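Just so it is clear, none of the values below were taken in a lab; they were calculated from the coordinates. What you are looking at is a predicted structure, and each value in this text was computed from that prediction instead of being measured. Neighbour counts run over all protein chains shown; Cβ positions are idealised from the backbone, glycine included.
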Amino acid sequence: MEMIRRTKPLSVAMLFSFAALAMILSGCACMDTSPATVSIARTSSPPPAGACPQISQKDGASIYAMVFPTGNLETGVVMLEKTSPVEVNIDQPFDYIISATNLTTCPLEDVVVKDKLPDGFVIKSATPEAKVGNDGWAVWQLGQIPGGETRNIKVKAAATREGTFMHCANVTYNQLLCMTVAAVSPKLELTKQAPAEVLFCDPIPVTLVVKNPGTGMAKGVTVNDTLPAGLKTTTGEQSVSFDVGMLAPGESQTLTYTAKADKVGEYGSTAKASSAGGLSAEAAAKTIVRQPVLVITKEASDKQYAGRNIAYTITVENKGDAVAKALMITDTVPAGTSFVSASNNGAEVGGTIAWSVGDLAPGKKIEVKAVLRADQIARVSNTATAAAECADGVKATATTEILGIAAILLEVIDIEDPIEVGDNETYVITATNQGSLPDTNIQIVCTLEDAQSYVSATGDTSGTAKGKVITFAPLKSLAPGAKATWRAIVKAEKVGDIRIKVSMTSDQLTRPVEETEATNQY
């Protein structure tokens, strides 16, 4: 057994198993550095005179092989193998095989195998078909054999006479120096995504996706986006730049940044991608920045009297271009007042009235009302506020002067009614300030009928009489809730249904208050 090393795997029927081939053959540069060991078993008996080397003989068949052009497996290009029976019967067809194996990794072109047919040796058929000339050569045009591959020629032949036949084959071919050059076409594709609308208080997320949909490597890829006026990144930059580097075919890279608008409006920009090879792509996106704008007004009477209610009307309007979400209206109950009621499910907690409105669409308004009681004389300023998501808070104030009012109740009663002529009657005169403001310079005047005459006058101020008229001196001031009392004593002079008339004036009264009291004299 003889060991021969090769560096390229080959398929040789029933004989060879090659794992690798590394060679440079006649200018065809092909290399595979993985080694393999091939064992070739040679028969112990010498081949017939003039025959090619016999590689193997088994089960009545012989295999002969030769490497062209050098005869060496390490440096050869093509190996021809012939497999045929050792003995055949005259005129009985038998099969033999010619195999041509490309020992290189490069293709061989125009491969032609010839087999010299001796006299008395004829070919019945062949696959592929053979062309047999007058010169006795059978020719097969095999065309191209790729590197490492084998082409088999199957022949059915017959011997027409006895004897020993030697038929020799050869091979011709053209070797090619092959080099692979890949023609590729890298491309750039850019997409840009941003929300169509945002609120002014919200950031604007921007996503850029750069992709190479081509067939080659895109090198030195960069993506740039210059933001329009009024728009900056959340870190304050007016432009963003990304160094992507290389993009393999089909590869993409996602890039993101966040922007913030200085004011409401429409913002758009075009991002650009470029590469070192001159490739470019663009993508644009725009975002509308909206904001709700609240306007609030508050109405109330300029003046009100203490003890009375003050009605407030609060109106909130959305003059922006976005929905005012979670709108809340609040109104503080000022000192000197107390809560009475509120419309639209308004609730008072801890001195604050609150209305939870919900959403208010652009161009819409809402009106709420609150009623407070004026508890004391003062100048009351009442401020309402409105707030919503992403809207600037607003407030409005209404001021009301809480005034006092003097409300004097005049009462006159007689004590002894009825009385007998000649007796005295006492009239009690009472003035009560039921208002919220002191009354001043209160004066009482009593007028008697002819059936009565003046006796005396007493009370909170002194009284004098002149004829049938009793006049009490003015009372300088009567506080709210206070009372003043006077007494007039008269004598019954005649029988009759008598009336005494009492008149009261003050600084706060625009006309006298008059009261009469009836007395029956008998």
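What FRET efficiency comes out for the pair Gln376/Ala347, r = Cβ-Cβ distance, R0 = 25 Å, nearest 0.05?
Given R0 = 25 Å and the Cβ-Cβ separation, E is 0.50.
Run the reach check for Lys131 against lysines, Cα to Cα strictly under 20 Å, same-chain hits fewer than 8 apart removed. What comes back?
Lys82, Lys114, Lys116, Lys154, Lys156
Cβ neighbours within 10 Å, averaged per peptide: list 293-300, 162-169 in order, most packed at the top.
Result, highest mean Cβ count within 10 Å first: 293-300, 162-169.
Tell me, in nm to one decimal, what length is gained between Asp321 and Val428 on full extension, where the rule is 0.36 nm per residue of separation less the Cα-Cα distance?
Separation in residues times 0.36 nm, less the Cα-Cα distance, equals 31.2 nm.
Quick one: of Lys192/Lys272; Lys232/Lys286; Lys263/Lys298; Lys263/Lys365, which pairs are farther than 18 Å apart, Cα to Cα?
Violating the 18 Å Cα-Cα cut-off are Lys263/Lys298; Lys263/Lys365.
Quick check: pseudo-label points 7 Å beyond the Cα along Cα→Cβ at Thr330 and Asn89, how many nm apart are they?
11.9 nm
Normalising by the residue count of segment 68-222, find the relative contact order in percent from Cα pairs under 8 Å and 6+ residues apart.
Contact order relative to length: 24 percent.
For Gln253 and Ile97, compute 0.36 nm times the residue count separating them, minus their Cα-Cα distance, and round to one decimal in nm.
Full extension of this stretch gives 50.3 nm more.
According to a simple spin-label model (label point 7 Å from Cα along Cα-to-Cβ), what is the distance in nm between Thr150 and Glu401?
Rounded to a tenth, the inter-label distance reads 12.3 nm.
Taking the Cα centroid of segment 331-394 and of segment 171-231, what is the distance between the two, rounded to the nearest whole Å?
Using only Cα atoms, the two centres lie 58 Å from each other.
Run the numbers on segment 189-290 and let me know its relative contact order in percent, using alpha-carbon pairs under 8 Å that are six or more apart. Can you show the working numbers first?
Details: 262 pairs, mean separation 39.1, N = 102.
RCO, segment 189-290: 38 percent.
In nm, to one decimal, how far is the Ala518 label point from the Arg161 one, both placed 7 Å along Cα→Cβ?
The modelled label-to-label distance comes out at 18.3 nm.
Sort 172-182, 368-378, 55-65 by the packing proxy (mean of other Cβ within 10 Å over each peptide's residues), most packed first.
368-378, 55-65, 172-182
May I ask you to derive the relative contact order of the chain, considering only C-alpha pairs under 8 Å and at least 6 residues apart, and to give it as an integer percent?
The value is 8 percent.
On full extension of the chain, what length is gained from Cys201 through Asn134, given 0.36 nm per residue of separation minus the C-alpha to C-alpha distance?
In short, 14.2 nm is gained.
Quote the FRET efficiency, to the nearest 0.05, computed for Asp59 versus Gln141 with a Förster distance R0 of 35 Å and r equal to the Cβ-Cβ distance.
0.65
Report, in debye and to the nearest 20, how large the dipole of segment 217-347 comes out about its Cα centre when Lys and Arg carry +1 and Asp and Glu carry -1 on their Cβ.
For segment 217-347, the charge dipole is close to 280 debye.
Going Cα to Cα from Lys491, which lysines come in below 29 Å? Please leave out same-chain ones fewer than 8 positions away.
Filter leaves Lys466, Lys468, Lys483, Lys501.
Could you point to the residue in Ile413, Gly236, Val380 farthest towards the positive end of the chain's charge dipole, with +1 and -1 charges on the Cβ of Lys/Arg and Asp/Glu respectively?
About the Cα centre, the residue reaching furthest to the positive side is Gly236.
What is the list of residues in segment 494-512 whose amide nitrogen lies under 17 Å from a point 7 angstrom out from the Cα of Ala482, following Cα to Cβ?
505-509
Positive end of the charge dipole of segment 377-453 (Lys, Arg +1 and Asp, Glu -1 on Cβ, about the Cα centre): tell me which of Ile442, Thr399, Gly422 has its Cα farthest that way.
Thr399
Mind checking which aspartates and glutamates have their C-alpha under 12 Å from Lys303, skipping anything on the same chain fewer than 8 residues away?
Partners found: Glu401.
Towards the positive end of the charge dipole of segment 148-281, with charges on Cβ (+1 Lys, Arg; -1 Asp, Glu), say which of Val206, Ala196, Gln253 has the farthest Cα.
Towards the positive end, the residue furthest out is Gln253.
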